[in-house]
1. Could you run through region 46-85 and say how many residues are within 19 Å of S18 (Cα to Cα), assigned to a loop (DSSP other than H, G, I, E, B) and not small (G, A, S)?
2. Report, by residue number, each residue of region 13-45 that is more than 19 Å from G81 (Cα to Cα) and assigned to a loop (DSSP other than H, G, I, E, B).
3. Select, from E65, E59, E79, the only residue that is at pLDDT 95 or above and exposed (fewer than 14 other Cβ atoms within 10 Å of the Cβ).
Amino acid sequence: MGIELMIKTKNDKKFTPSIKIVTRILKEISEHGHIIRTELAKTANINYTILSKYLTWLEESSHVELIIMDKKVNVKLTERGYEVLTHLDKLDAQFINFVD
């Protein structure tokens, strides 16, 4: 499963996401099932503007989807998002065992 990590944003600058931040975002969404963007920014401790860039990338790469619930935009993981999170958790566990 290859993931293209660099995309061009509207102003033609390249965006290279941090795997650490991606993992944090996916975990927060997974824990809540679905979550509004402002709450996700708070719980993941990420600036809202930066979170928006990540969500754009995650949505374009089919890891999350935006859904309207109670007139608010919520973020939820797709099946692919759950699969990636599972792999990231395994890598994290392997890395911790490697370092210990």
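1. Qualifying residue count, region 46-85: 3.
2. The answer is K13, N45.
3. Numbers: E65 fails: exposed (fewer than 14 other Cβ atoms within 10 Å of the Cβ); E59 fails: exposed (fewer than 14 other Cβ atoms within 10 Å of the Cβ).
Unique residue meeting the criteria: E79.
The values are calculated or read from the model by the stated rules, or taken from the named source; none is laboratory data. Predicted model, so just to flag it, every value in this text is computed and none were measured. Quick reminder, even Gly has a Cβ in these numbers, built from the backbone with ideal geometry, and neighbours come from all protein chains shown.
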